[in-house]
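Asker: I'd like to ask you about the structure that follows.
The values are calculated or read from the model by the stated rules, or taken from the named source; none is laboratory data. Predicted, not measured: the structure shown is a model, and the values here were computed from it. In this analysis, Cβ positions are derived from the backbone assuming ideal geometry, glycine residues included, and neighbour counts consider all displayed protein chains.
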Amino acid sequence: MMQKNIWAKIIDIIFHPLLIPSYFTALMLWFGNNNLALSLIRLSLRPYIFLFVAITSVIIPTLCFWLLKITKIYVEKETNKKTWTALSCLLMAVIFFAISRSMVSLNISGLLLRFFLWNFFFATFCGLVSFRYTLNFHAIATGELLGLYILMLYSGIASSQYILFAIIIMFGLSGMSQLALKKTSPLSFVLETVIGVLFTGVIWYY
């Protein structure tokens with residue numbers, strides 16, 4: 001049982017919601033070559049763009065959360081868990097907005113910019129909702145990635161069926177880890193994944 005929980009925690013970390021923007025960026029930069037805007041970005045520049053996204057969406061938020069904890073701004077009790085989650089989402093909203101503004105300054109536009117800008121609104125919404133309700137962000141983030149790649153396949157921006165298969169495996173592994181850690185129920189995980197998929201549809205069409 002202990003070994004099962006260890007593997008569940010490892011998978012939980014690998015598919016952490018903070019990593020989803022980096023996965024998305026990698027898909028767009030290296031598997032979205034049919035997209036005219038992305039094809040204009042030189043291959044030599046793409047690792048730097050990916051590094052920028054990784055720093056702003058993974059490293060900086062992690063440092064922010066770490067600083068919040070060591071300064072004891074929040075008391076880590078079960079009664080304050082929703083407040084911690086909500087304020088963390090609002091912090092992420094600020095970071096997504098900063099990324100969007102930086103992309104505008106760097107003349108990076110299109111779907112990649114829209115993804116981060118709409119994630120700003122979505123993180124703000126989730127933050128406000130989390131003050132009252134508990135959400136599973138692993139499910140929502142995995143749903144975003146799944147919905148995104150399906151739309152990329154449908155529009156012809158991407159063509160690899162293997163990547164879709166890999167994302168489906170990611171969905172299954174993430175779901176099993178969340179269930180093993182007793183963070184969600186099967187129905188809740190599926191429904192929140194659907195929320196992520198629908199949110200991606202909003203990004204794509206609006």
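Asker: Inspect all residues belonging to the range 175-194 and state whether any of them is of a type in the set (Ser, Thr, Tyr), outside any helix (DSSP H, G or I) and within 17 Å of Phe24 (Cβ to Cβ).
Answerer: Scanning the range 175-194 turns up no residue that is of a type in the set (Ser, Thr, Tyr), outside any helix (DSSP H, G or I) and within 17 Å of Phe24 (Cβ to Cβ).
Asker: Failed condition for Ile168, given (1) out of contact with any Gly (no Cβ under 9 Å at 6 or more places or on another chain); (2) surrounded by fewer than 17 Cβ atoms within 10 Å (Cβ to Cβ); (3) touching a residue at least 40 places away in the same chain (Cβ under 8 Å), with all others met?
Answerer: (3)
Asker: Look through Phe189, Phe165, Phe137 and report the one residue that is at pLDDT below 85 and closer than 20 Å to Ala123 by Cβ.
Answerer: Residue meeting the stated conditions: Phe137.
Asker: For Ser160, which of the numbered conditions (1) touching a residue at least 60 places away in the same chain (Cβ under 8 Å); (2) buried (at least 20 other Cβ atoms within 10 Å of the Cβ) fails to hold?
Answerer: In the conditions (1) touching a residue at least 60 places away in the same chain (Cβ under 8 Å); (2) buried (at least 20 other Cβ atoms within 10 Å of the Cβ), Ser160 misses (2) alone.
Asker: Further, regarding this structure: Which residue, of Leu128, Leu117, Leu91, is surrounded by fewer than 20 Cβ atoms within 10 Å (Cβ to Cβ) and over 30 Å from Ala180 (Cα atoms)?
Answerer: Matching residue, one of Leu128, Leu117, Leu91: Leu117.
Asker: To continue, here is another question. Out of all the residues in the range 130-149, which are assigned to a helix (DSSP H, G or I) and more than 14 Å from Trp84 (Cβ to Cβ)?
Answerer: Residues satisfying the conditions are His138, Ala139, Ile140, Ala141, Thr142, Gly143, Glu144, Leu145, Leu146, Gly147, Leu148, Tyr149.
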